[in-house]
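What follows is calculated from the coordinates using simple rules that are stated; it is not laboratory data. Please read these numbers as outputs of a predicted model, since none were measured by experiment. Cβ atoms come from the backbone with ideal geometry, glycine included; neighbour counts cover every protein chain shown.
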């Protein structure tokens, strides 16, 4: 096997790297050898380190993904690693030794090839930190930043989350939590705010479903590889997210969603968005873990208050009490949290007598055409069109292909 000095020695020749890495950069991509080696090395690193392995971030930052993987593959001793890293600090020495003991058992060339082949088979894209679609806000994680992101769906959706919110919460959501989630997700969609969540039962699934129904943008971040969506009961839901948005993981195909990977995944959700809202959560839960990451990153944090008798709201009350989370009572609070400005009241300053009649003629669930609204409201078609335009700008009305609906939480 021939290899360039810039390649990952002992694993991929330039031609093999090009063949393996090019499909991960797009359906018609043909990478040059130098770029292919970088993509291949990043793909390998996602299978070597566990999510959040800070020392992996250190060696990639200092040496680069290719050179650091070369050292690992050929079994360089600690002295060479330290020389290359340019450090004899005792913490670095100890950290390196621990890291090598974790990484070395996973240096399996056949597994490296399989990771990239499976990625291509499932039409996954691998987004690197210097790619155009890389979400730069992830860099706030410092050395805990993922080596790369595996994506199914549209990578551009991952790179355009400047206006977004994470809606997270209990898997055992109550009817109250589900209703509030639906209101928040619909308001976010109407305001052009993407919703990020984890695809789990309860609050996560409710948020994704409402956004999809509303025609909004949603991204799902999973804890395991993208060859097998988890939970399996949400296969169709996550496939719909893939079709309309994006599904993301920092681990490659074949990696199961173990408990510790969920906790590490939560830091990615928190970092991707400017604001996180916990709708329902117990005192100790994954959603509280996500909120902790958001607070540590300096992101905006909100929580929905609930009944004091409900165990699924104790975590939210803790966030309000101990983390100075903002109280989220409805969609306007969500918009305010994301944009950092006073959200317009749903009907403030736009509702006159005609708009009240239009709102009364609309339904939250059943879409109605402008002609139907005109007939029900007793107004001319021109009056209805003008009123609908104002109400849609205020976020009180949303247009769909089959007509208009009133957004949740809007009253005349």
Projected area, mean over directions - region 151-339, Cα convex hull, nm²
9.1 nm²
Segments 354-365, 222-233 sorted - mean Cβ within 10 Å per residue, highest first
222-233, 354-365
Cα-based Debye curve of region 94-178 sampled at q = 0.13, 0.17, 0.23 Å⁻¹ gives log₁₀ I(q)/I(0) of -0.70, -0.98, -1.12
Bin width 10 Å, origin at 0, all Cα-Cα pairs of the chain: what percent of pairs per bin?
5, 21, 27, 21, 14, 7, 3, 1, 0
Relative pair counts by distance (%), Cα atoms of region 353-406, 10 Å bins:
29, 65, 6
Sorting check: for 62-68, 254-260, which peptide has the highest mean count of neighbouring beta carbons within 10 Å, and how do the rest follow?
62-68, 254-260
Rounded to the nearest 5, the percent of antiparallel DSSP beta bridges in the chain equals 40 percent
To make sure I understand, if each residue's beta carbon is the centre and we count other beta carbons within 10 Å, what order do 407, 104 fall in, fewest to most?
104, 407
Among 83-96, 278-291, the order from most to least packed when residues are scored by Cβ within 10 Å on average:
278-291, 83-96
Rough spin-label spacing in nm, given labels placed 7 Å along Cα→Cβ, for residue 360 and residue 136
5.2 nm
As a test of the formula, what do you get for the chain when each DSSP H run with n ≥ 4 contributes -39,500 (n - 2.57) and the sum is divided by the residue count, at 222 nm and rounded to the nearest 500 deg cm²/dmol?
-14000 deg cm²/dmol
Mean 1/r over all different Cα pairs, inverted: what Kirkwood radius does region 14-120 give, in Å?
14.4 Å
Nearest 10 degrees is fine. How inclined is helix 381-393 to the longest principal axis of the chain, computing both from alpha carbons?
40 degrees
When the Debye formula is applied to the Cα atoms of region 195-268, each taken as the same point scatterer, what base-10 log of I(q)/I(0) results at q = 0.11, 0.14, 0.24 Å⁻¹?
-0.23, -0.37, -1.09
